[in-house]
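One structure below.
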Amino acid sequence: GNSVTQMEGPVTLSEEAFLTINCTYTATGYPSLFWYVQYPGEGLQLLLKATKADDKGSNKGFEATYRKETTSFHLEKGSVQVSDSAVYFCALNSGNTGKLIFGQGTTLQVKP
Amino acid sequence: DAGVIQSPRHEVTEMGQEVTLRCKPISGHNSLFWYRQTMMRGLELLIYFNNNVPIDDSGMPEDRFSAKMPNASFSTLKIQPSEPRDSAVYFCASSLPLAGDEQYFGPGTRLTVT
């Protein structure tokens, strides 16, 4: 079945460091891929998405490229800020019901 | 748009009591999802509806949990009787049922069962 695997957290970085959070997936067909972010005490909110191979999603300095050949959708940011501290979820949607398959989430802590 | 609305935001109840969580999806969205989030189990999909019809309830933990969607603008998740292990944050989300469309999450209901 469809699944998403994210790198284990927590990830701790200093401000202005480079961020990579790995995400790989298993799916039939051609899923859409998403990164969601959850700030403390809040619900999940969409960070970026890509709907086909080689698409790059970007938002707030974060980027992820849909790599079909490696079944990956790694999240990157060139210079993290303390305000980026949150839990990040990778997800895929391979059906037409809107159902998402989420990874387990990766906690990012950015220190000043 | 006000986004997905959930109520109450916090609920504290005693074991054995009935708990009802409420959700109003974004207008025009016809898929609705209920999730549960805990430290131990992470984010779990409990049930989802498409056009008010339950499509998949395989994530509902047991018969104490039930969910309804009587119309396109309202859904409830009920736990009866509640138990301490039901303590969690419950999220409702809605979306358009297309492969490229994202889900929009509500702020969640933090449930504590003592």
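The criterion of at least 3 residues that are within 14 Å of another protein chain (Cβ to nearest Cβ) is met by the following strands (runs of 3 or more DSSP E) wholly inside the stretch A:1-84: A:3-6, A:32-38, A:45-50.
Inspect the stretch A:64-75 for any residue being at pLDDT 95 or above, surrounded by 20 or more Cβ atoms within 10 Å (Cβ to Cβ), farther than 15 Å from A:Phe102 by Cα and in contact with a Cys (Cβ under 8 Å, 6 or more places away or on another chain) and give the result as yes or no. The answer is yes, given that some residue of the stretch A:64-75 is at pLDDT 95 or above, surrounded by 20 or more Cβ atoms within 10 Å (Cβ to Cβ), farther than 15 Å from A:Phe102 by Cα and in contact with a Cys (Cβ under 8 Å, 6 or more places away or on another chain). Filtering the stretch A:6-21 to residues that are surrounded by 15 or more Cβ atoms within 10 Å (Cβ to Cβ) and farther than 15 Å from A:Val80 by Cβ leaves A:Gln6, A:Met7. Against the conditions (1) surrounded by fewer than 16 Cβ atoms within 10 Å (Cβ to Cβ); (2) within 13 Å of chain A (Cβ to nearest Cβ); (3) under 21 Å from A:Tyr39 (Cβ atoms); (4) of a type outside the set (Phe, Trp, Tyr), B:Pro107 satisfies every one except (1). Determine whether the stretch B:20-27 contains at least one residue that is loosely packed, with under 14 Cβ neighbours inside 10 Å and within 12 Å of chain A (Cβ to nearest Cβ). Scanning the stretch B:20-27 turns up no residue that is loosely packed, with under 14 Cβ neighbours inside 10 Å and within 12 Å of chain A (Cβ to nearest Cβ). Looking only at residues of the stretch B:70-87 that are surrounded by 21 or more Cβ atoms within 10 Å (Cβ to Cβ) and among the hydrophobic types (A, V, I, L, M, F, W, C), we find that the one that is farthest from the other protein chains (Cβ to nearest Cβ) is B:Ile79.
The values are calculated or read from the model by the stated rules, or taken from the named source; none is laboratory data. These figures come from a predicted structure and were not determined experimentally. Every residue, glycine among them, receives a Cβ derived from its backbone with ideal geometry; neighbour counts consider all protein chains shown.
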